[in-house]
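A.B. asks: If you scroll down you'll find the structure; I have some questions about it.
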Amino acid sequence: NAGVTQTPKFQVLKTGQSMTLQCAQDMNHNSMYWYRQDPGMGLRLIYYSASEGTTDKGEVPNGYNVSRLNKREFSLRLESAAPSQTSVYFCASSGDNSPLHFGNGTRLTVT
Amino acid sequence: DAKTTQPTSMDCAEGRAANLPCNHSTISGNEYVYWYRQIHSQGPQYIIHGLKNNETNEMASLIITEDRKSSTLILPHATLRDTAVYYCIVRVGNRDDKIIFGKGTRLHILP
């Protein structure tokens, strides 16, 4: 059982470049989440999706877009990367009334 | 904003019980208390959760006060591998939860 899979594991971008972070879960969970974690800090919610076709803003949505392509996949897109978006990005999923399951993260550096 | 407050850091001697407090004074009647931990920069890992009653599993015990305004996570015999950041969150458990994490408590286990 793979759980929550994130790709890529590492990425370096130049300012202004775009990229999409991929996340897939195989636990048939309804809800999926994107968090970012800056060095020495806690997790901050970027966007979440309660079900296929729905998305909602979290605490820090500016500069990001998301797509809930189907029940399994929830992608995060940076249209024009900025150095302030250098961070570790975690995807998570959850069933109803059940704990969050996290992926191993994508480490993004924007120069 | 996070609905919970936790001490920034704590120390515990190896082999002793580690007691991690969490305040959630504005918790609603239908909100659960969940605990997670994050070792190094890995994805957070679920530990335990509860609503009103005290809970125990193979990892830890959760003590929730009668008024539900605070809780304590107990690691009964702490080992060096328990060194991590511990997060306490509250959530309803519905699929449209906006799950917000605070900064957590950095627990140092001392040899």
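A.B. asks: Restricting everything to alpha-carbon atoms, can you work out Rg to Rh for the stretch B:4-111 with a Kirkwood hydrodynamic radius?
C.D. replies: 0.95
A.B. asks: Ordering A:H101, A:H29, B:H77 by how much accessible area each has at a 1.4 Å probe, largest first, what is the list?
C.D. replies: Descending accessible area places them as B:H77, A:H101, A:H29.
A.B. asks: Which order do B:V92, A:V12 take by accessible area at a 1.4 Å probe, largest first?
C.D. replies: In descending accessible area the options line up as A:V12, B:V92.
A.B. asks: Further question: Can you give the longest run of chain A that contains no trypsin sites (Lys or Arg not before Pro) sitting in a DSSP loop with at most 13 other Cβ atoms inside 10 Å?
C.D. replies: Answer from the scan: A:15-111.
A.B. asks: Now for a separate question. Heavy-atom accessible area of B:T72 with all protein chains present, probe 1.4 Å, nearest 10 Å²?
C.D. replies: 40 Å²
A.B. asks: Hey, what's chain B come to in accessible area per residue, 1.4 Å probe, Å²?
C.D. replies: Ligands and nucleic acids excluded, the result is 52 Å² per residue.
A.B. asks: In the stretch B:70-111, what residues drop by 50 Å² or more in accessible surface going from the chain by itself to the full protein assembly, probe 1.4 Å?
C.D. replies: B:R95, B:K98, B:I99, B:F101
A.B. asks: Quick one: with all protein chains in place, what share of the accessible area of chain B is carbon or sulfur, to the nearest percent (1.4 Å probe)?
C.D. replies: Result for chain B: 46 percent of the exposed heavy-atom area is carbon or sulfur.
A.B. asks: Can you report the principal axis dimensions of chain A using only the alpha carbons, biggest first, rounded to whole angstrom?
C.D. replies: Per principal axis, max minus min of the Cα coordinates gives 39, 25, 22 Å.
A.B. asks: Carbon-plus-sulfur fraction of the accessible area of chain A, 1.4 Å probe, in percent?
C.D. replies: That share works out to 47 percent.
A.B. asks: Sticking with this structure for a sec: Taking all protein chains together and a probe of 1.4 Å, list B:T26, A:T106, A:T7 from the most accessible to the least accessible.
C.D. replies: B:T26, A:T7, A:T106
A.B. asks: Compute the accessible area per residue over chain A, keeping the other protein chains in place, probe 1.4 Å, unit Å².
C.D. replies: 45 Å²
A.B. asks: Please identify the trypsin sites (Lys or Arg not before Pro) of the stretch B:40-110 that satisfy two criteria: DSSP loop assignment and at most 15 other Cβ atoms within 10 Å. Which are they?
C.D. replies: The qualifying sites are B:K52, B:K69, B:K98.
A.B. asks: Provide the buried accessible surface between chains A and B in square angstrom, both chains summed, 1.4 Å probe, rounded to the nearest 100.
C.D. replies: Buried: approximately 1900 Å² between B and A.
The values are calculated or read from the model by the stated rules, or taken from the named source; none is laboratory data. Predicted model only: the values in this text are computed from it and were never measured. Here Cβ is always computed from backbone atoms with ideal geometry, including for glycine, and neighbour counts include all displayed protein chains. Just the protein is used for accessible areas: all its heavy atoms, side chains included, with ligands, DNA and RNA removed. Shrake-Rupley method; radii C 1.70, N 1.55, O 1.52, S 1.80 Å.
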